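What follows is a short report on a single structure.
No value in this document is a laboratory result; all are computed from the given coordinates. In this text the structure is predicted, and so the values were computed from the model without any measurement. As a convention, Cβ positions derive from the backbone with ideal geometry for all residues, glycine included, and neighbour counts pool all protein chains shown.
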Amino acid sequence: MELKDKTLPGEPIQGNRTRAPLYAPNFFSSFGRPEPCTFCCSPPITGRRWKAIPGKQLAEEIIELKARFGFDMLRFQDANFGVAEKRTKELCQALVDLDADVWWNGTIEIETIMRYKDDLPEESKCHLLWLGAESGKAEMQERIGKNIGIDNIPIAYST
Ligand code: SF4
């Protein structure tokens, strides 16, 4: 995903760093995930269920938290932030509509991001999505039970 505006917050400073450290707290907006990876603790712990704060509610909570704590950026540390495209769209649209002015990043699976066809995440100040495939080998995909199409990995990176 290419950003149109690459300007991140933080003042330029002297020395070998170019910017002041960003205040970027972690945030968990969901619990669990539906993937079956055999090596991971998540499937047996969560029963492959996924519960999440709805998109618009999440945007409103982010705005309230930003007003209280004044951070520059939010890191969504969910096991898979982007499981539900509908929720992500609602979040992005609400962040845009409410002029949230918060940079954010999160995790998303290779074959999930391929379904995202618009620029809403970018417009809502998503500056980074961490793509997950677990393995680049078809044999290993089969072994761990995830079965991501290996050919989809480079396609997802160019989405
Ligand atoms: S995708 Fe990641 S978090 Fe989800 S089950 Fe597989 S290894 Fe665990």
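Axis angle, to the nearest 10 degrees, between helix 55-69 and the longest C-alpha principal axis of the chain: 40 degrees. Among the cysteines of the chain, those whose beta-carbon sits 4.7 Å or more from every other cysteine beta-carbon are C41, C92, C126.
Please report the antiparallel percentage of the DSSP beta bridges confined to the stretch 26-157, to the nearest 5.
20
Our summary gives the chain a relative contact order of 22 percent, counting only alpha carbon pairs under 8 angstrom and 6 or more residues apart.
Could you sort out which of K86/K137; K66/K117; K56/K117; K51/K89; K66/K89 sit more than 24 Å apart by Cα distance in this structure? K86/K137; K66/K117, as the Cα separations exceed 24 Å there. Among E109, E64, E123, the residue with the largest mean-square fluctuation in a Gaussian network model of the chain, with springs joining Cα atoms closer than 10 Å, is E64. With neighbours defined as other Cβ atoms within 10 Å of a residue's Cβ, the residues S30, S42, S158 order from fewest to most as S158, S42, S30. Taking a Cβ cut-off of under 12 Å around A67, the surrounding Lys, Arg, Asp and Glu residues balance to a net charge of -2, with basic ones at +1 and acidic ones at -1. Among residues other than D97 with Cβ under 14 Å from its Cβ, the summed charge is -2 (Lys and Arg +1, Asp and Glu -1). From least to most packed, judged by other beta carbons within 10 angstrom and beginning with the fewest, R75, R115, R143 follow the order R115, R143, R75.
As a proxy for reagent exposure, ranking I62, I153, I148, I45 by other Cβ atoms within 10 Å from fewest up yields I45, I153, I148, I62.
On C-alpha positions alone, give me the angle between the axis of helix 85-97 and the longest principal axis of the chain, in degrees, nearest 10. Relative to the chain, helix 85-97 is tipped by roughly 10 degrees.
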